[in-house]
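One structure is given below, encoded as structure tokens.
The values are calculated or read from the model by the stated rules, or taken from the named source; none is laboratory data. Only a predicted model underlies this, so the values are computations on that prediction, with no experimental measurement involved. Cβ: placed from backbone, ideal geometry, glycine included. Neighbour counts: every protein chain shown.
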Amino acid sequence: MLALPSRGPFAALLFSVSVSGSLIAQAMVDPALAVTTVVSGLNQPIAMTFLGPDDLLVTEKASGQVKRVTNGAVAGVVLDLAVNSASERGLLGIARHPLFPATPWVFVYWTESSTGVDTGNVSQVPLLGHRVDRFVWSGSTLVFDANLVRLRAFQEDLNQVTNPQDPFSNPAPLQRGNHNGGVLKFGPDHKLYVILGDCGRRGWTQNNFGGPIPDDQFGGPVPDDAHTTGVILRLGSSGPIPPDNPLYTFGALLEALIGGPAGTAIGTSIQRIYAVGVRNSFGMTFDPISGHLWTTENGGRAYDEINRVEAGFNGGWIQVMGPLDRVADYKAIEVGVGIGSTGPTGLQQLRWPATNIADTPAEAASRLVPLPLLHYTDPQFSWKQVTPPAGLGFIGGTALGNEYCGDLIVGSAVFRPVAAPPSVMANPGHLYRFRVNQARTDLVFSDPALQDRVADNTGRDDWQTEQGSLLFGTDFGIVTDIQTGPDGNLWLVGTSSGTIRKIHRP
């Protein structure tokens, strides 16, 4: 049975759906562009990587399978992993080495099942159940080669509300499996970049520095291997941590000062960090022209973002989402959501309720974690009320027309099935087009209402207010991966439609 993904704070934003139907027909704003379905019938596809023209690998979230698609048909299963797919977990990211096939490595981000078989049971996962593994492409299968890193997966938060009028009176355990990130991308530096969401943690990497509440029952808030969450990691493909990572020297210093296994765990985890203050993200891409890193980020109920990320980036979460000068809006929206009968419906964790949000930009800025070489940066663009975004990718080349070359396309994390009336969900999953300045450092807007870099939409999933100039395609549903393919066309992974599609000129 087809179900809408919930926008509630405890539900899987994207992936709690089992798709057995189809979506309403997608369309392009520009009639000169067309959409073609390359392959359909996939089971919650998430990400793809090209092996060559009309030859790619695609991950399926819940089945744990990597499938090969050649010439528009599934050629077979090349890898089958025992995954925990509860909520937003599962088989998520995939990326091939930049020197492929000379270096025949393919990297996969997945959530390990503790039972040895596929499971949707939220509790059946190791503490460090998110894995980034390296496989060797044999020509027909993926063969395990090495594990690069294990990341926090298990969530049991002592914050379920039993009395909404007194939320801290009797908190009870509540397990979740969300805010996992899961995107893998290689940069032009041939380093592997990994997004991991906050996994419900509230420690240093969530800008909760010196907070009085311990991070969880496994320790924290210091970022050891179980508490380095809400980050972008930068890894070497062959194993060693790149020594030019922004916190590499600081991590080595902490390792020496603390000593022992604890020092090693903390120091090594810190050395991998490229960016902090990330709530959760389903989109990461590199500009093929400048090499700059761009991401989408999902807010709770306020201020989804598009960011250009540099080394040492601090996105500000949990102290701020959206522009720093909008922190009062951020607080008002999140506090206004209130606390529900089964838990907080705003920022998800009662260990850091929305009432903690600062009242002024200066106060919020003063609370950011003071680690060396980290710097806060406002987002390039925000939606005041969550829309929300998912995958993003650049149009490389001129196959779609000179006017689109270098533009950034952002997909949605929502959809509306055929049988549902428009009132069920205001946003059926559109594509948005963003133009980049000549220096490739900023987004530029023709609409005067967007000069402040914020779409001041009026409610959750409102895609219409202040966004008419951004619309690129309509009714695409959940789109989690967007790439320019070897043919120069724009290829899209559609999770809710179970498809891979491409946008092209007929």
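A few notes on this one:
Table: residues versus (1) modelled with pLDDT under 95; (2) under 19 Å from residue 481 (Cα atoms).
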site: 393; (1), (2): no, yes
site: 409; (1), (2): no, yes
site: 420; (1), (2): yes, no
site: 442; (1), (2): no, no
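- Residues that are in a loop (DSSP other than H, G, I, E, B) and either crowded, with 24+ Cβ neighbours inside 10 Å or within 18 Å of the chain's Cα centre (by Cα) (or both) within segment 476-506 comprise 476, 477, 495, 496, 497, listed in sequence order.
- Of all residues in segment 336-366, those that are at pLDDT 90 or above, more than 15 Å from residue 202 (Cα to Cα) and either surrounded by fewer than 18 Cβ atoms within 10 Å (Cβ to Cβ) or under 25 Å from the mean Cα position of the chain (by Cα) (or both) total 8.
- Residue count for segment 434-466 under the criterion of being within 22 Å of the chain's Cα centre (by Cα) and without any contact (Cβ under 8 Å) to a residue 60 or more places away in the chain: the result is 1.
- Among the candidates 290, 281, the residue that is among the polar types (S, T, N, Q) and surrounded by fewer than 22 Cβ atoms within 10 Å (Cβ to Cβ) is uniquely 290.
- Complete set of residues in segment 429-455 that are more than 23 Å from residue 402 (Cα to Cα) and in contact with a Phe, Trp or Tyr (Cβ under 9 Å, 6 or more places away or on another chain): 429, 450, 451, 453, 454, 455
- For segment 193-230, filtering for residues that are in a loop (DSSP other than H, G, I, E, B), polar (S, T, N, Q) and modelled with pLDDT of 90 or more leaves 4.
- Within segment 423-433, restricting attention to residues that are outside any strand (DSSP E or B) and under 23 Å from the mean Cα position of the chain (by Cα), the residue that is modelled with the highest pLDDT is 430.
- In segment 129-140, the residue that is surrounded by the most Cβ atoms within 10 Å (Cβ to Cβ) out of those that are without any contact (Cβ under 8 Å) to a residue 60 or more places away in the chain, more than 22 Å from residue 218 (Cα to Cα) and not aromatic (Phe, Trp, Tyr) is 133.
- Filtered by the rule that a residue be buried (at least 20 other Cβ atoms within 10 Å of the Cβ) and either farther than 19 Å from residue 130 by Cα or among the aromatic types (Phe, Trp, Tyr) (or both), segment 229-253 gives 245, 246, 247, 251.
- Cβ-Cβ under 6 Å pairs, at least 6 apart or on other chains, segment 49-69 side crowded, with 20+ Cβ neighbours inside 10 Å, far side modelled with pLDDT under 95 and not in a strand (DSSP E or B): 61/15
- Of all residue pairs spaced 6 or more apart or on separate chains, those with beta-carbon atoms under 7 Å, a first member in segment 364-377 that is touching a residue at least 12 places away in the same chain (Cβ under 8 Å) and farther than 20 Å from residue 271 by Cβ and a second member that is among the aliphatic types (A, V, I, L, M) and surrounded by fewer than 17 Cβ atoms within 10 Å (Cβ to Cβ) are 376/365.
- Residues of segment 286-328 classified as of a type in the set (D, E, K, R) and in a loop (DSSP other than H, G, I, E, B), total: 3
- Search result, residues across segment 370-388 that are at pLDDT 95 or above and either part of a loop (DSSP other than H, G, I, E, B) or crowded, with 23+ Cβ neighbours inside 10 Å (or both): 374, 377, 378, 379, 380, 381, 382, 383, 384
- Considering segment 446-484, the residues that are aromatic (Phe, Trp, Tyr) and more than 17 Å from residue 384 (Cα to Cα) include one that is modelled with the lowest pLDDT, namely 476.
- Against the numbered list (1) assigned to a loop (DSSP other than H, G, I, E, B); (2) under 29 Å from residue 216 (Cα atoms), residue 331 comes up short only at (1).
- All positions within segment 258-285 that are β-branched (Val, Ile, Thr) and either at positive phi or in a helix (DSSP H, G or I) (or both): 258, 264, 266, 268, 270
- Of all the listed residues (272, 308, 279), the sole one being over 30 Å from residue 431 (Cβ atoms), of a type in the set (Lys, Arg) and either at pLDDT 95 or above or touching a helix residue (DSSP H, G or I) at 6+ places or on another chain (Cβ under 7 Å) (or both) is 272.
- Contacts under 9 angstrom Cβ, first residue in segment 110-128 being closer than 15 Å to residue 92 by Cα and touching a residue at least 40 places away in the same chain (Cβ under 8 Å), partner basic (Lys, Arg) and not in a loop (DSSP other than H, G, I, E, B), 6 or more apart: 110/131; 111/131; 112/131; 112/150
- Among residues of segment 86-101 being over 16 Å from residue 493 (Cα atoms) and hydrophobic (A, V, I, L, M, F, W, C), the one that is surrounded by the most Cβ atoms within 10 Å (Cβ to Cβ) is 86.
- Filter result for residue 244 (modelled with pLDDT of 95 or more and either within 15 Å of residue 184 (Cα to Cα) or in contact with a strand residue (DSSP E or B) (Cβ under 7 Å, 6 or more places away or on another chain) (or both)): no
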